[in-house]
Every structure is written in structure tokens, then in C-alpha cells.
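The structure appears below as C-alpha cells.
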Amino acid sequence: MKRLLPTLFLLGLPVAANAQTPPTDTVDLVSKANGGRIISTTSTLDNDPAYSADNLIDGQVFSTGNTKSRGWASNKFDPITRDSVTLGFADNRQYTIGRLVLNPATDLPPERWAKDVEVQVSTASADGPYDTVAQLTLKQSATPQEFSILATPARFVRLVFRSNYGSDRAVALGEVEIYEAIDTSDPMGGLISRLEGAINDLKRYRDVQTQGGNGGGQKADVSLEGGLAPATLQMVQLLGTGDAQVPIGNSNLVATKNGGKVMAYSSIFDKDAQFGPDKLIDGSNFSLADNKGSFGWASQGFAPGREYVTLGFAQDRTRLIGKIVLNPTSNQSDLRWARRVQIQATTGSFKDGPWKEVAVVNLKGQNPVERGINQEFLVRPVEAKYLRFIFLANGPGIILPDADPNVNSDRAVSLGEIEVYEAATSNDQLGALISKFTSVLTDLRTLRRRALDAPADTN
């Protein structure tokens, strides 16, 4: 740890005022993978193991693309007696916690999703006594929702469910994450706290500017619901003026040679590595003329909306995306070539998102020769750590009686190559600065965690 500090202090970061809530570590303390466990729960829906509280800490959240984990649900909902779930950490250790992340998504009706949740902690035993440390209100949204709390010692954490969104049948929750507060009294923790405070100050300033608070600016007429973070609003305004365009970088961010990587995928045709999703970012296209080259990716079967590929960038960095290039050419029949693709972005988890739609693009052309070219799509700049490509239609669009017009072949959907390019403009210097600082903050947290986990030096 001490070896890192001289280099880190060269950053010369300004001292920010002490925040009420501390910065937090990167390790989810209650994840089953990290030794977290469910101590007890008051009930389970119909005593069905599919709704076991263990689902809360399995690292998976129910979605249309992931039905393996249904989340937890109580057997009924009673606002008087109130159901609860008690969680513990590895080896019954005590931690000082500072942040919780809850995701209400389950496969049950949203009326049953948890709304108001009371957080209680005990440092004595799983039986208590318990002290209430926070009252949280969840949105009725299938997204991870973060809550920072005052640094609190805890050996056991109990979630008490005070309300849901209108059902007396059950109260349900999808996933729980709990993170340790970083001790800001040590040099590394203090540096992380100062940087986080500086980033938050920059974000507040940026938001004021974006909302027209700069005295002479004009608020961009766009909605954040479209998947655009405030840092991109000025760029969107430029795009909306007609001739003005956002400059695009010339480096393909998802190319394997540039550190791009496949994070997840739905399936591979015949489980044959020649059709693996890595072929989408290998920089090689299949040649129709000589029947040679990279085969591209193909799925095992096709139903609209079920087949997908998720890509990430080097070092899992967040980027500002401005252009996406798709080439449908593969060695599969053109009946299987991708025709319509939904592109989603997240700055969160590549597994659970939350995901926001960037665009739905149609690959043009009614014959293989016309479609067998790179097709560029300029998108409104959007911040993304991961991009997910969901396939909605294949083939040239042949319409057959009593057949799904989006499915010209149910055997597979295929795609040849994906390229992704970053938006770059001097008009978003503040947003770029925030992104860089955020990346540094992530690196600092990672370095701190590695230093803590490293074996002690006995020399």
C-alpha cells in the first residue's frame, strides 16, 4: 500500500469538504461468491425454492434475457407483521458498511415489488438486538438502485419490508448488494474521498450548466429517458441543429486488438467455435467472392429478442459512443443474416444493466451483395461501459403466409462484424474530464482492494 502513495499524491487533487456519506469499496460483501449468506427469512412464496432468498445474493437478476434467478418473494404481504430477510457476511465478520444496492426485479407482477425497505443492523448476533439505520424507497423499476448511508458497523443486516406497490399477495425483491465504507483516515481512503467529492462537485456544476444555469446557454430539448446522461446533452443539441455533427474518433473501441472483448452472449451455432462471438470483433469479414475469411457469429436458433451479444471496452472503461458500424456478412445463408438490431447501453453491470436503448437499426438491402458491406449508424452520443446487441429480425424480409415476418429462418441469426467509435468534441470537455476522473477513481478503488488482499510481506 505504502509504495502506491507517492505516485497517487502526484495527482494534486483539491481537498473537498467531508461528505456525510463515505466512499465505498468495490467488493459486494453479501454476494454468495464472496461468502455472504442468507441467515433467515420470515417466509417464501408457496415454500417454492424457485423464490428462495438465496436468489438475492446469487449475482443474477431476472430479466427477459436471464430467467435463471427469479428473486425472492414472501408468502404474503402484511404491513403489520412485515416480512424480513437477514443477511450475514463471510465468517460472521463485522464490517463498517456505507452503501446498499437493491434491485426489485422479479418475474412476479410489479405490484408485488418492494417499495419501502427498512435497513436494520446488529453487531451482536443474528437474533439482535437490531438498530434501524436507514429507510429506503425503491422505484418501481427493474434497475439496480443505489443508496449511500452513514458509515455503520454491522455483523448482520436485516431488510424489513414496509410496503410494496399495491399487492397483498407477496412482497418481492430481486437482488441485494452491500459495500464496505472506506476508512478516510488512512492516506489512500482520504485520497479516494477527496477525488469522489471533486467529481460530485463537477457533476453538480455540469448539471447546472446543462439545465440552462450558465446565464447564456440553452437547454437541450431532449429527454433523459432516451438513455442519455446529462454530459451528452450538449452534443445532442448539436446533432439536432441539422448540419452540425459531432466529431467521431477513428479507433474501433471493440476491436480485439484495441482491448475490446465479448462479455456475454446467448448461444453459438452448433457450439462451433468458428461461429463464436469473438468473430464479431476480430477485424475480419467473410468474403462472398472467394468464400473465405472470418465466419462471423451465428446463434443456435432464432426467436426475435432472445439472441444477443454484449461487448465491452478495454479496462472496462466508460466511453461516449457516437458511431456504430455493423456488417451482416457471414458464411451463413442470407436468410439468417441480421436485419434489425436493437442496441442498448449501460454504465453499470454487463449482466444486470440497467440497460437503456440507444437505437434500433435496420440493415438495409434486399440481397446479399447489397447488404454485404459495412453499414454506419451515427447515434446520439451516449455514455456506455458495455453495449448489448439484441437481434429482432433476420433475412431479407420475405413475407410468407402465417409466418412471423421478422423470422426468415428459425435456425440461426448471424452477423459478420461490429465496430464502435467514440464521439469527441471540445464542447464536452467537462463531461470528458468527469469521465477521466471517474476512471481514475475506479482505478484507485481497485488498487486499494488489491493492496488489502495482497499477502503480507514477511521480509
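The values are calculated or read from the model by the stated rules, or taken from the named source; none is laboratory data. Keep in mind the model is a prediction, meaning the values are calculated, not measured. When we count neighbours, we look across all protein chains shown, and the Cβ atoms used for this are built from the backbone with ideal geometry, even at glycine.
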Name the single residue, out of those in segment 37-71 being in a helix (DSSP H, G or I) and hydrophobic (A, V, I, L, M, F, W, C), that is surrounded by the fewest Cβ atoms within 10 Å (Cβ to Cβ).
Ala50
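In segment 262-277, what residues are in contact (Cβ under 8 Å) with a residue 24 or more places away in the chain and crowded, with 16+ Cβ neighbours inside 10 Å?
Going residue by residue through segment 262-277, those that are in contact (Cβ under 8 Å) with a residue 24 or more places away in the chain are 262-271, 275, 277.
The answer is Val262, Met263, Ala264, Tyr265, Ser266, Ser267, Ile268, Phe269, Phe275, Pro277.
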Given the options Lys139, Lys115, name the one that is surrounded by fewer than 16 Cβ atoms within 10 Å (Cβ to Cβ) and touching a strand residue (DSSP E or B) at 6+ places or on another chain (Cβ under 8 Å).
Lys139
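For segment 68-92, which positions are among the β-branched types (Val, Ile, Thr) and under 17 Å from Trp113 (Cα atoms)?
Val85 - this is the single residue of segment 68-92 that is among the β-branched types (Val, Ile, Thr) and under 17 Å from Trp113 (Cα atoms).
Out of Thr24, Thr86, Thr64, Thr7, report the one residue that is modelled with pLDDT of 95 or more and at negative phi.
Thr86
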Can Pro401 be described as in a loop (DSSP other than H, G, I, E, B) and in the same structural domain as Asn285 (by TED's automatic domain parsing)?
yes
Within segment 255-309, track down each residue that is out of contact with any strand residue (DSSP E or B) (no Cβ under 7 Å at 6 or more places or on another chain) and of a type in the set (Val, Ile, Thr).
Thr256, Ile268
Condition (residue is in a strand (DSSP E or B), assigned by TED's automatic domain parsing to the domain that holds Ser31, touching a residue at least 12 places away in the same chain (Cβ under 8 Å) and touching an Asp or Glu at 6+ places or on another chain (Cβ under 7 Å)) applied to segment 105-115: is it met by at least one residue?
no
